[in-house]
Amino acid sequence: MTKGRLEAFSDGVIAIIITIMVLEMKVPHGDRLEDLVPLVPTFLSYVLSFIYVGIYWNNHHHMLQAATTVTGAMMWANLYLLFWLSLFPFATGWMGQNHFTAAPTALYGAVLLMAAVAYLVLQQAIIRAQGHDSILKKAVGRDWKGKLSAVLYVVAILATSRATWIAQAVFVLAALIWLIPDRRIEKRLAD
(Lines give C-alpha, C1' and ligand atoms only; values in the text may rest on other atoms or scores of the structure.)
Protein backbone atom coordinates (compact mmCIF):
# COMPACT_ATOMS: atom_id res chain seq x y z
CA MET A 1 0.00 0.00 0.00
CA THR A 2 1.21 3.48 -0.74
CA LYS A 3 1.43 6.29 1.76
CA GLY A 4 -1.03 8.32 -0.36
CA ARG A 5 -3.65 5.60 -0.21
CA LEU A 6 -3.36 5.33 3.58
CA GLU A 7 -3.66 9.09 3.90
CA ALA A 8 -6.66 9.25 1.53
CA PHE A 9 -8.49 6.51 3.45
CA SER A 10 -7.82 8.30 6.75
CA ASP A 11 -8.96 11.63 5.30
CA GLY A 12 -12.22 10.03 4.19
CA VAL A 13 -12.90 8.51 7.60
CA ILE A 14 -12.12 11.80 9.35
CA ALA A 15 -14.46 13.68 6.98
CA ILE A 16 -17.24 11.23 7.83
CA ILE A 17 -16.57 11.68 11.56
CA ILE A 18 -16.99 15.45 11.24
CA THR A 19 -20.16 14.98 9.20
CA ILE A 20 -21.68 12.64 11.78
CA MET A 21 -20.83 15.06 14.60
CA VAL A 22 -22.63 17.96 12.94
CA LEU A 23 -25.66 15.79 12.17
CA GLU A 24 -25.98 15.11 15.91
CA MET A 25 -27.00 18.75 16.40
CA LYS A 26 -30.75 18.68 16.03
CA VAL A 27 -32.66 21.65 14.67
CA PRO A 28 -34.84 23.21 17.39
CA HIS A 29 -38.61 23.26 17.13
CA GLY A 30 -39.24 26.97 17.01
CA ASP A 31 -38.19 30.09 15.17
CA ARG A 32 -36.96 32.27 18.02
CA LEU A 33 -33.35 32.78 19.06
CA GLU A 34 -34.32 31.59 22.55
CA ASP A 35 -35.06 28.18 21.02
CA LEU A 36 -31.31 27.81 20.37
CA VAL A 37 -30.36 28.16 24.06
CA PRO A 38 -30.88 24.46 24.91
CA LEU A 39 -28.47 23.60 22.06
CA VAL A 40 -25.56 25.60 23.51
CA PRO A 41 -23.98 22.63 25.36
CA THR A 42 -24.30 20.45 22.26
CA PHE A 43 -22.79 23.19 20.11
CA LEU A 44 -19.90 23.77 22.54
CA SER A 45 -19.09 20.06 22.69
CA TYR A 46 -19.21 19.97 18.87
CA VAL A 47 -16.80 22.91 18.58
CA LEU A 48 -14.36 21.27 21.00
CA SER A 49 -14.53 17.95 19.16
CA PHE A 50 -14.24 19.61 15.76
CA ILE A 51 -11.04 21.27 16.97
CA TYR A 52 -9.72 17.94 18.27
CA VAL A 53 -10.51 16.14 15.01
CA GLY A 54 -8.82 18.96 13.11
CA ILE A 55 -5.75 18.66 15.31
CA TYR A 56 -5.57 14.91 14.68
CA TRP A 57 -6.09 15.37 10.95
CA ASN A 58 -3.35 18.01 10.73
CA ASN A 59 -0.81 16.07 12.79
CA HIS A 60 -1.68 12.78 11.10
CA HIS A 61 -0.94 14.42 7.75
CA HIS A 62 2.43 15.70 8.94
CA MET A 63 3.33 12.37 10.49
CA LEU A 64 2.60 10.50 7.25
CA GLN A 65 4.64 13.06 5.30
CA ALA A 66 7.65 11.90 7.32
CA ALA A 67 7.05 8.24 6.41
CA THR A 68 8.77 6.71 3.40
CA THR A 69 7.03 3.32 3.40
CA VAL A 70 3.86 1.76 4.76
CA THR A 71 3.93 -1.49 6.70
CA GLY A 72 1.19 -3.77 7.96
CA ALA A 73 1.87 -2.62 11.51
CA MET A 74 1.40 0.99 10.42
CA MET A 75 -1.91 0.15 8.72
CA TRP A 76 -3.23 -1.59 11.85
CA ALA A 77 -2.01 1.23 14.10
CA ASN A 78 -3.75 3.71 11.77
CA LEU A 79 -7.01 1.74 12.03
CA TYR A 80 -6.62 1.70 15.81
CA LEU A 81 -6.40 5.51 15.77
CA LEU A 82 -9.37 5.81 13.40
CA PHE A 83 -11.42 3.53 15.68
CA TRP A 84 -11.01 5.89 18.63
CA LEU A 85 -11.59 8.95 16.49
CA SER A 86 -14.79 7.34 15.18
CA LEU A 87 -16.15 7.35 18.76
CA PHE A 88 -15.89 11.16 18.94
CA PRO A 89 -19.43 11.72 17.56
CA PHE A 90 -20.99 9.44 20.19
CA ALA A 91 -18.99 10.85 23.11
CA THR A 92 -19.50 14.42 21.87
CA GLY A 93 -23.25 13.97 21.48
CA TRP A 94 -23.72 12.27 24.84
CA MET A 95 -21.71 14.92 26.68
CA GLY A 96 -23.44 17.85 24.97
CA GLN A 97 -26.96 16.50 25.27
CA ASN A 98 -26.46 15.84 28.97
CA HIS A 99 -25.00 19.28 29.66
CA PHE A 100 -21.53 18.09 30.64
CA THR A 101 -22.56 15.82 33.50
CA ALA A 102 -19.98 13.52 35.11
CA ALA A 103 -20.39 10.17 33.30
CA PRO A 104 -20.58 11.59 29.75
CA THR A 105 -17.66 13.93 30.47
CA ALA A 106 -15.58 11.05 31.85
CA LEU A 107 -16.38 8.95 28.77
CA TYR A 108 -15.39 11.86 26.53
CA GLY A 109 -12.09 12.07 28.41
CA ALA A 110 -11.57 8.32 28.04
CA VAL A 111 -12.10 8.56 24.27
CA LEU A 112 -9.63 11.46 24.10
CA LEU A 113 -7.13 9.47 26.16
CA MET A 114 -7.44 6.38 23.97
CA ALA A 115 -7.14 8.46 20.79
CA ALA A 116 -3.94 9.99 22.21
CA VAL A 117 -2.60 6.52 23.03
CA ALA A 118 -3.52 5.29 19.54
CA TYR A 119 -1.74 8.29 17.99
CA LEU A 120 1.39 7.42 19.97
CA VAL A 121 1.09 3.78 18.84
CA LEU A 122 0.92 4.91 15.20
CA GLN A 123 3.83 7.26 15.73
CA GLN A 124 5.93 4.42 17.17
CA ALA A 125 4.90 2.05 14.35
CA ILE A 126 6.12 4.61 11.80
CA ILE A 127 9.38 5.14 13.69
CA ARG A 128 9.97 1.37 13.90
CA ALA A 129 9.35 1.03 10.17
CA GLN A 130 11.55 3.99 9.24
CA GLY A 131 14.28 3.42 11.83
CA HIS A 132 15.57 5.45 14.76
CA ASP A 133 17.37 7.80 12.39
CA SER A 134 14.06 8.59 10.70
CA ILE A 135 12.79 12.09 10.15
CA LEU A 136 9.84 11.42 12.45
CA LYS A 137 12.01 10.19 15.33
CA LYS A 138 14.25 13.24 15.04
CA ALA A 139 11.25 15.55 14.79
CA VAL A 140 9.23 14.30 17.76
CA GLY A 141 12.17 13.69 20.06
CA ARG A 142 10.74 12.77 23.45
CA ASP A 143 7.28 14.01 22.35
CA TRP A 144 6.46 15.96 25.47
CA LYS A 145 3.23 17.28 23.92
CA GLY A 146 1.87 13.78 23.29
CA LYS A 147 2.76 12.54 26.76
CA LEU A 148 1.48 15.69 28.47
CA SER A 149 -1.83 15.38 26.61
CA ALA A 150 -2.34 11.84 27.88
CA VAL A 151 -1.62 12.96 31.45
CA LEU A 152 -4.06 15.86 31.09
CA TYR A 153 -6.81 13.51 29.91
CA VAL A 154 -6.29 11.28 32.95
CA VAL A 155 -6.47 14.37 35.19
CA ALA A 156 -9.69 15.44 33.45
CA ILE A 157 -11.28 12.00 33.84
CA LEU A 158 -10.46 12.00 37.56
CA ALA A 159 -11.72 15.60 37.91
CA THR A 160 -15.20 14.65 36.69
CA SER A 161 -15.98 13.17 40.11
CA ARG A 162 -15.33 16.60 41.69
CA ALA A 163 -16.47 19.15 39.11
CA THR A 164 -16.98 18.62 35.41
CA TRP A 165 -16.04 22.24 34.64
CA ILE A 166 -12.50 21.36 35.71
CA ALA A 167 -12.46 18.48 33.25
CA GLN A 168 -13.79 20.75 30.51
CA ALA A 169 -11.08 23.32 31.25
CA VAL A 170 -8.43 20.60 31.04
CA PHE A 171 -9.84 19.42 27.69
CA VAL A 172 -9.60 22.98 26.36
CA LEU A 173 -6.07 23.35 27.74
CA ALA A 174 -4.95 20.14 26.03
CA ALA A 175 -6.46 21.32 22.74
CA LEU A 176 -4.74 24.70 23.06
CA ILE A 177 -1.39 22.96 23.44
CA TRP A 178 -1.91 21.39 20.01
CA LEU A 179 -3.87 24.18 18.33
CA ILE A 180 -0.77 25.91 17.10
CA PRO A 181 0.37 23.52 14.37
CA ASP A 182 3.33 21.36 15.30
CA ARG A 183 6.15 22.54 13.05
CA ARG A 184 8.74 19.98 14.21
CA ILE A 185 8.07 17.59 11.33
CA GLU A 186 7.87 20.39 8.74
CA LYS A 187 11.25 21.69 9.90
CA ARG A 188 12.84 18.25 9.64
CA LEU A 189 11.36 17.67 6.17
CA ALA A 190 12.71 21.05 5.02
CA ASP A 191 16.21 20.11 6.25
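The values are calculated or read from the model by the stated rules, or taken from the named source; none is laboratory data. Bear in mind that the values here come from a model prediction, so they are computed numbers and not experimental data. Don't worry about glycine lacking a Cβ; one is built from the backbone with ideal geometry, like all the others, and counts go over all protein chains shown. These accessible areas exclude ligands, DNA and RNA; they are computed on the full protein's heavy atoms, side chains included. Shrake-Rupley method; radii C 1.70, N 1.55, O 1.52, S 1.80 Å.
For this structure, a couple of remarks:
- Here Lys137 qualifies as charged (D, E, K, R) and either open to solvent by less than 20 Å² (accessible area, probe 1.4 Å) or out of contact with any Leu (no Cβ under 9 Å at 6 or more places or on another chain) (or both).
- Against the numbered list (1) under 23 Å from Ala73 (Cα atoms); (2) open to solvent by less than 40 Å² (accessible area, probe 1.4 Å), Lys147 comes up short only at (2).
- Checklist (1) over 21 Å from Leu112 (Cβ atoms); (2) part of a helix (DSSP H, G or I); (3) not charged (D, E, K, R) applied to Val27, failing item: (2)
- Residues of the stretch 146-167 include none that is in a helix (DSSP H, G or I) and more than 28 Å from Ala103 (Cα to Cα).
- The number of residues in the stretch 55-84 that are at pLDDT below 95, crowded, with 16+ Cβ neighbours inside 10 Å, of a type outside the set (Gly, Ala, Ser) and farther than 19 Å from Ile180 by Cβ comes to 2.
- Residue in the stretch 181-189 that is in contact with a helix residue (DSSP H, G or I) (Cβ under 9 Å, 6 or more places away or on another chain), at pLDDT 90 or above and open to solvent by less than 60 Å² (accessible area, probe 1.4 Å) present: no
- Residue count for the stretch 156-177, restricted to those that are over 19 Å from Val53 (Cα atoms), open to solvent by 70 Å² or more (accessible area, probe 1.4 Å) and without any contact (Cβ under 8 Å) to a residue 60 or more places away in the chain: 3
- Selection count, the stretch 19-41, where residues are over 22 Å from Ser86 (Cβ atoms) and aliphatic (A, V, I, L, M): 6
- Test result for Tyr52, surrounded by 19 or more Cβ atoms within 10 Å (Cβ to Cβ), in a helix (DSSP H, G or I) and of a type in the set (Phe, Trp, Tyr): yes
- Checked against the criterion of being under 21 Å from Asp11 (Cβ atoms) and open to solvent by 10 Å² or more (accessible area, probe 1.4 Å), the candidates Leu122, Leu107, Leu113, Leu87 yield just one match: Leu87.
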